[in-house]
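Only one structure is covered here, and it is reproduced in the block below.
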Amino acid sequence: MNVSNRIQTAELDWELIDGIEVPISKQFGDVYFSKDNGLLETRHVFLNGNDLSERLTNLKDFEYFSVGETGFGTGLNILALWQLWQQVRPDNQSHLHAISVEKFPLSKADLIRALNVWDELKPLADQLIEQYPLPIAGCHRLTFPNERFSIDLWLGDAQEIFPSMAKTKAVNAWFLDGFAPSCNPDMWEQNVLNNIVRLSDYGSTFSSFSVAGVLKRGLKAHGISISRPRGFRHKREMLKAIWHPPQSDDEPSQLDQVYSLDEEQQRIAIIGAGIAGLTTAWAFAARGHQVTLYEQTEALSGASGNPLALLNPKLCPIEQSHEHLMTLSWQHALNFYKNFQAFRSLQIQQIALKNADELLDLVNQYPADVVTNTTNSLETANSSVLLTEAGSVSPHQLRNEILQHPLIDLKIANITALVSFENRVQLQTDYEVIAEADHVVVCCARESAALFENYPQLKPIRGQVSWVDNTFAPLPLNEAYSYGGYCMQLDASQMILGASFYPNREDQDVLLDDHVHNFELIHSVFPEYAQQLPSTSTWQGRASIRAQSLDYFPLLGKMQENSRVATFAGLGSKGFLFAPLCSEILVAQMLGEACPVTDRLLQKLNPQRFQKKVKPKKPYFKPQ
Ligand SMILES: Cc1cc2nc3c(=O)[nH]c(=O)nc-3n(C[C@H](O)[C@H](O)[C@H](O)COP(=O)(O)OP(=O)(O)OC[C@H]3O[C@@H](n4cnc5c(N)ncnc54)[C@H](O)[C@@H]3O)c2cc1C
Ligand SMILES: C[S@@+](CC[C@H](N)C(=O)[O-])C[C@H]1O[C@@H](n2cnc3c(N)ncnc32)[C@H](O)[C@@H]1O
């Protein structure tokens with residue numbers, strides 16, 4: 001199977017053994033956990049096999065520890081790890097992150113049934129189940145901020161996924177699970193192991209119930225030392241391994257040189273308080289760092305300040321989902337915003353204006369009930385599908401909630417220059433140096449260019465949203481429609497309609513022409529409803545400027561290697577959708593954490609992608 005194919009869920013048989021219901025994979029003909037006592041075996045093989053009790057207890061303030069796993073299965077190993085973390089974690093800002101890969105995820109119903117046998121894990125299992133992702137290929141980041149714990153669950157084939165992962169942080173400990181090599185040779189294939197080693201570093205440890213020759217030889221070939229302590233209960237042995245640096249080598253490892261991590265609280269300056277700045281501030285503050293947002297006028301004064309934003313993805317064919325920024329961002333955004341009052345869950349009727357077949361076929365591709373042939377309450381003659389997992393965000397409410405975070409401060413200042421020193425950056429206005437920070441993120445949309453040399457071009461696109469009284473027939477609050485434009489209830493008595501789209505215009509007055517444009521968009525699909533709306537001369541609106549990169553991808557990351565200044569801009573027409581996932585990616589790069597997207601996608605977002613590769617000049621010889 002290829003990682004880009006659609007995901008099949010696990011097919012299970014259930015066997016009742018000594019009062020415990022044990023799931024058995026039909027695909028592999030093997031049990032998910034030991035019939036004796038799966039939880040004790042997990043602790044013996046994976047937790048003790050990596051000395052995790054001791055290693056987690058000793059984590060320093062702001063230290064980030066990651067555990068990788070082959071085969072998420074029922075999540076038992078990861079829950080046992082989480083339980084241990086609760087018991088031994090130090091009272092500081094250290095963080096535990098788990099990364100697991102799964103080709104055949106259990107359906108949610110099967111997951112609930114499988115985890116039901118572990119009473120002591122129930123509080124953790126409930127939290128996992130709440131965030132358990134849809135069976136769609138790609139990385140799903142589940143976050144449990146109060147626990148200082150997170151999980152990246154990568155759905156797809158280990159053979160494809162491990163080679164695709166970006167190495168922004170070495171994995172500290174590995175659970176090599178994945179059914180016995182005899183029933184599942186693919187998981188233990190050379191290339192999988194080589195990539196597991198690529199994602200590791202000196203000091204990384206590995207454990208497995210299997211002592212198969214292929215595993216021992218593979219690890220030894222990389223210079224990793226292996227021991228074979230007693231296995232669980234009647235099992236003679238298991239595998240425990242550690243990657244020691246070569247004796248003769250006092251050089252620091254390659255990874256340490258690339259990412260010299262600062263394990264202490266960082267002072268983060270974020271310039272620009274639109275949605276990019278706000279979600280980035282949140283991502284750093286959630287990790288315990290001190291954030292100051294600098295905004296030239298007031299928060300949300302740019303494109304992010306509309307009264308309501310719709311989370312409306314254009315979904316890709318399912319084969320591309322694992323690397324499609326919009327599809328990944330949609331799933332992450334829903335998980336992120338649901339923690340805020342500013343979020344409203346709704347269903348979007350996506351109406352095809354062209355390529356109707358492509359849109360209609362999504363119903364056959366996406367998991368059942370996510371994209372359906374049913375409709376919302378307004379009727380249209382056009383083809384459409386209903387996206388049942390979507391939402392809206394009230395930007396002003398979100399801003400208020402984010403600014404309540406005790407580690408986030410907002411300061412009004414127009415930052416006009418950044419001066420970098422070796423390990424800090426100075427922020428200047430036209431008049432004075434106003435602050436110093438350890439890291440800076442520039443989130444100023446098109447104005448970001450003023451703070452860098454050779455910033456990539458961002459095209460301005462004028463847009464206006466309109467809102468109008470529709471008490472004659474308000475829509476249900478959980479409905480939205482998209483048709484080139486979009487509409488939904490702003491509140492109980494008004495409808496908001498988006499949005500005009502004029503490339504290369506920077507004027508921001510509210511114009512009747514744009515109201516008429518938004519009226520014509522809704523009229524083209526719902527003529528009867530549109531006729532009843534009050535005259536456009538009574539409509540209210542807000543106009544602002546989108547910033548669009550030339551290849552339609554945001555600019556995310558550093559403009560220069562080893563710099564402490566990064567940028568996040570160019571969010572185009574989908575900023576509210578992109579911002580939460582992009583902020584996680586940026587933080588992963590800046591702080592040296594696991595990255596929730598593939599290396600290829602990371603490179604597509606790299607703001608240096610537009611820089612011309614300058615050929616070195618030929619030396620000039622003066623003619624004699
Ligand atoms: C009409 C319209 C409707 C839209 N509807 C949706 C929607 O429904 N859903 C969706 O996902 N997206 C929507 N978008 C797109 C979305 O609004 C943008 O992608 C997003 O707002 C961009 O956010 P940002 O933080 O990058 O930029 P902005 O919101 O423009 O923020 C940049 C901030 O930087 C500040 N700044 C600039 N220079 C400096 C400086 N030197 N010092 C300090 N501060 C500075 C600015 O004042 C501004 O507040 C819409 C856009 C428009 C125009
Ligand atoms: C023994 S189970 C894992 C048990 C799991 N760690 C737990 O705690 O429940 C092995 C898992 O590996 C998955 N798997 C098998 N082959 C795979 C592959 N090539 N890529 C990714 N996952 C795979 C199986 O679907 C199964 O869920």
| When the chain is fully extended, how far beyond the present Cα-Cα distance does Lys354 get from Asp599, taking 0.36 nm per residue of separation? | 84.9 nm
| field | Over the chain, relative contact order from alpha-carbon pairs under 8 Å, at least 6 apart, % | value | 13
| Cα centroid distance between region 331-401 and region 402-454, in Å? | 36
| Helix-derived mean residue ellipticity, 222 nm - over the chain, DSSP H n ≥ 4, -39500 (n - 2.57), to 500 | -7500 deg cm²/dmol
| query | Spin-label point model (7 Å from Cα, Cβ direction): what's the Glu436 to Leu550 distance in nm? | reply | 3.8
| Listed pairs Lys220/Lys558; Lys35/Lys216; Lys103/Lys235; Lys26/Lys122; Lys122/Lys169; Lys122/Lys220 exceeding 29 Å between Cα atoms | Lys220/Lys558; Lys122/Lys169; Lys122/Lys220
| field | Span from the region 554-612 Cα centroid across to the region 475-502 one, whole angstrom | value | 30
| request: Enumerate the aspartates and glutamates that Lys240 could reach by cross-link, defined here as Cα to Cα under 12 Å, with residues fewer than 8 away along the same chain left out. | output: Asp51
| Given Cα pairs under 8 Å that are at least 6 residues apart, what percent is the relative contact order of region 35-170? | 25
| query | What is the distance, in nm, between label points placed 7 Å from the Cα along the Cα-to-Cβ direction at Ala368 and at Arg233? | reply | 3.5
| request: Using a cut-off of 15 Å between beta-carbons, work out the net charge of the residues near Asn306 (Lys and Arg +1, Asp and Glu -1, Asn306 not included). | output: +3
| Excluding Leu571 itself, what net charge comes from residues whose Cβ is under 12 Å from its Cβ, given Lys and Arg +1 and Asp and Glu -1? | +3
| request: Provide the per-residue ³J(HN,Hα) series for region 142-152, in order, calculated from phi with Karplus coefficients 6.51, -1.76, 1.60 and θ = phi - 60°, each as a whole number of Hz, with x at glycine and proline positions. | output: 9, 10, 10, x, 5, 9, 6, 9, 8, 9, 9
| query | Any idea how far the Cα center of region 263-307 sits from the one of region 159-220, in Å? | reply | 38
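Every number here is computed from the coordinates shown, using simple stated rules; none is lab data. Values in this document were obtained by computation on a predicted structure and should not be read as measured data. Note that we place each Cβ from the backbone using ideal geometry, even for glycine, and neighbour counts take in every protein chain shown.
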